[in-house]
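Step one of this worksheet: look at the structure below.
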Amino acid sequence: MPGAGGTTDQDVEKLIELLRRRDPQAMPLLFEALGRRAFGLAYRILGDGPEAEDVVQDAFLAVWRQSDRLDSERGSVAALLLTIVHRRAIDSARARRKRAVHEVSLQPEVDALDEVDVAAAAIATLDGAAAHRSMDLLPDDQRRVIELAYFDGFTHVEIAERLELPLGTVKSRLRLGLEKLREALKARTSSDVR
């Protein structure tokens, strides 16, 4: 499904101008550059190919609709697209879980979303290999909480219940793990510049 992609982030940023002009060639080029990463992120969260494809298509459409507002000084189009994919995949996973809960039980589901946008962007901008290497460096308790929150779509309350931990412990582990991921991203970015 997704395009390959030997395109650099700089090439992707050059697409901003094409997108802003609504050039018909912009979307195929953007998809070639980021389609694989977008699909990989959506699939990692959802575990379902067709559902991940739908999320990716919706995200690319959202970027197209907002293309007149793109500005490279506000952030990369890659980070924007992957953040949209991440959020929509999480929403889709939660909706699926909510439907399953209603089919099995009449218990109301708590939907308390406690997002950390910086973390979502950091995770979204890491390429797959770098993300795995960075996640492998985390202590097991921090990695597990991040996986449940950002890849499986659980809220902090749901994670606390699932792991039988106090909510404050879940939030602390998430914060500490995300700080370590952010440091890994900074180290990766500074080594790429050299």
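Every read-out reported here was derived from the displayed coordinates using simple, explicitly stated rules and does not represent laboratory data. In this text the structure is predicted, and so the values were computed from the model without any measurement. Note: ideal-geometry Cβ built from the backbone for every residue, glycine included; neighbour counts use all protein chains shown.
Below, the figures for the structure above:
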quantity	calculated
Estimated FRET transfer efficiency (Asp48, Arg175; beta-carbon r; R0 25 Å; 0.05)	0.25
Where labels lie 7 Å past Cα in the beta-carbon direction, separation of Glu183 and Arg74 in nm	3.2 nm
Potential lengthening between Leu163 and Gln66 on full extension [0.36 nm per residue; Cα-Cα distance subtracted]	31.0 nm
